[in-house]
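Here the structure comes first, spelled out in structure tokens, and everything after it is commentary.
The values are calculated or read from the model by the stated rules, or taken from the named source; none is laboratory data. For clarity, every value in this text was computed on a predicted model and none was experimentally measured. Glycine also receives a Cβ, built like all others from the backbone with ideal geometry; neighbour counts cover every protein chain displayed.
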């Protein structure tokens, strides 16, 4: 599965599903309880492309296997027969195939050494939530980034995940000390946008716990998760 580079350039952060959600808020939907979006579900998943690079199936973090009722073309699915990390919006109905309404690619964070990001600034960011996927394959992170309209198209925010060290808890458990680094990249800070990223747990097969540090707007934030 393709991973993002150690730095993720975020020119704009948009809510991919705002239009569909707005359309679903009609009086008909509330009156009948069975409107066009009554079955709408959002899940983190691994999505698969076919020979034409269209999305045809997904495996969710909850363990569900989905087949889409028609091939779905996304601008970022350039490679055929490839697996991507994504947030999928679909109609959850008791049918053999499901209708995929929208899909957003989720960056998979590569883990890097401190020297890889020595030229990045350490600008603050927001941390909304951190949680381990039900299948244990990823830790998902919801970040809150301040952004705005840019005059220079070369501007963009950058995020990196660094592993500073490994430590021992004293009872034989191994801990990975991770840190998010954020470079504002000259982007104006007019409003806040949510960005999801995923950390692959395959990188930490011999680790029992991860500690993640964020330089947040309200000070240092630390999140600890047992991964075994």
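Observations on the model:
- Residue check, residue 185 out of contact with any helix residue (DSSP H, G or I) (no Cβ under 9 Å at 6 or more places or on another chain) and on the phi > 0 side of the Ramachandran plot: yes
- Here residue 170 meets the list (1) on the phi < 0 side of the Ramachandran plot; (2) out of contact with any helix residue (DSSP H, G or I) (no Cβ under 7 Å at 6 or more places or on another chain); (3) surrounded by fewer than 16 Cβ atoms within 10 Å (Cβ to Cβ) almost entirely, failing just condition (1).
- Answer residue from the range 108-123, given it is part of a loop (DSSP other than H, G, I, E, B) and surrounded by 17 or more Cβ atoms within 10 Å (Cβ to Cβ) and is modelled with the lowest pLDDT among those: 120
- Hey, residue 6 touching a helix residue (DSSP H, G or I) at 6+ places or on another chain (Cβ under 8 Å) and either closer than 25 Å to residue 200 by Cα or modelled with pLDDT of 60 or more (or both) or not: yes
Table: residues versus (1) closer than 26 Å to residue 83 by Cβ; (2) part of a strand (DSSP E or B); (3) not assigned by TED's automatic domain parsing to the domain that holds residue 217.
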{"residue": "162", "(1), (2), (3)": "yes, yes, no"}
{"residue": "167", "(1), (2), (3)": "no, yes, no"}
{"residue": "176", "(1), (2), (3)": "yes, yes, no"}
{"residue": "181", "(1), (2), (3)": "no, yes, no"}
{"residue": "188", "(1), (2), (3)": "no, no, no"}
{"residue": "192", "(1), (2), (3)": "no, yes, no"}
{"residue": "195", "(1), (2), (3)": "yes, yes, no"}
{"residue": "203", "(1), (2), (3)": "yes, no, no"}
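- Under the condition of being assigned to a loop (DSSP other than H, G, I, E, B) and modelled with pLDDT under 95, the residues counted in the range 39-53 number 1.
- Selection status of residue 137, touching a residue at least 60 places away in the same chain (Cβ under 8 Å) and within 24 Å of residue 60 (Cα to Cα): yes
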